[in-house]
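These notes are about the structure you will find just below.
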Amino acid sequence: MVISSKLLNPGEEIVVSTRTHAKALLLPLATLVVLLALGVLAQTFVDQGTVTLVVWVVLALLAVWRVLWPFLEWLTASYTITNRRLITRHGVITRRGHDIPLGRISDVAYERDLIDRMLGCGTLVISDASTNGQVLIYDIPRVEDTQRRLNHLLHGLHGGETRTHEGH
């Protein structure tokens with residue numbers, strides 16, 4: 001379970017609990033490989049120990065910024081659908097959260113491009129009755145299944161009234 005049970009109200013049950021698909025880590029992983037290759041090249045072709053040390057320090061700082069930080073953002077983000085609300089949480093230092101009661105959700109759709117279809121993820125598009133209009137949740141694993149489960153909850157909540165449609 002991605003979300004802490006302390007965030008749930010009495011009688012609230014988790015239906016879907018997930019985080020962003022691991023595809024979000026592909027670019028940081030590629031960056032790490034490039035940074036390591038640059039470090040090895042510098043170590044191989046530069047004879048001065050001080051210059052090599054400076055290169056490794058710069059590469060380490062870049063790795064923290066372009067590899068470690070995106071990983072921590074991925075690790076701390078969570079998306080949860082309960083029998084009462086949609087809960088989103090993200091942020092490493094400053095935590096941000098957004099809760100939408102299911103009763104305010106008016107439409108659920110999904111979008112999947114070619115890469116998303118190959119990796120089994122997509123964007124969940126949730127329209128609610130607030131001034132925000134739409135909430136886009138990117139790179140959700142098994143997005144079609146998540147949309148179906150949310151539709152099922154909404155169908156029961158609205159007494160069988162159909163209020164959603166399939167995505168593209």
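The values are calculated or read from the model by the stated rules, or taken from the named source; none is laboratory data. Just so you know, these numbers come straight off a predicted model, no measurement behind them. Cβ placement follows ideal geometry from the backbone for every residue including glycine, while neighbour counts extend to all protein chains displayed. Calculation scope for accessible area: heavy atoms of the full protein, side chains included, ligands and nucleic acids excluded. Shrake-Rupley method; radii C 1.70, N 1.55, O 1.52, S 1.80 Å.
Observations on the structure shown:
- For first residues located in the range 94-123 and of a type in the set (Lys, Arg), partners that are open to solvent by less than 20 Å² (accessible area, probe 1.4 Å) and at pLDDT 95 or above and lie 6+ apart or on another chain with Cβ distances below 7 Å form the pairs Arg112/Gly122; Arg112/Val143.
- Residue list for the range 1-31, restricted to those being open to solvent by less than 60 Å² (accessible area, probe 1.4 Å) and of a type in the set (A, V, I, L, M): Val2, Ile3, Leu8, Ile14, Val15, Val16, Ala22, Ala24, Leu25, Ala30
- Selection status of Leu75, closer than 30 Å to Asn151 by Cβ, part of a helix (DSSP H, G or I), at pLDDT below 95 and open to solvent by 70 Å² or more (accessible area, probe 1.4 Å): yes
- Residue within the range 106-114 that is open to solvent by 80 Å² or more (accessible area, probe 1.4 Å), of a type in the set (A, V, I, L, M, F, W, C) and either more than 22 Å from Leu7 (Cα to Cα) or in a helix (DSSP H, G or I) (or both) present: yes
- So Leu124, is it part of a helix (DSSP H, G or I) and modelled with pLDDT of 90 or more: no
- Test: residue in the range 63-70 that is at pLDDT 90 or above, surrounded by 13 or more Cβ atoms within 10 Å (Cβ to Cβ) and closer than 27 Å to Lys6 by Cα: yes
- Members of the range 87-97 found to be open to solvent by less than 60 Å² (accessible area, probe 1.4 Å) and assigned to a strand (DSSP E or B), listed by number: Ile87, Thr88, Arg89, Gly97
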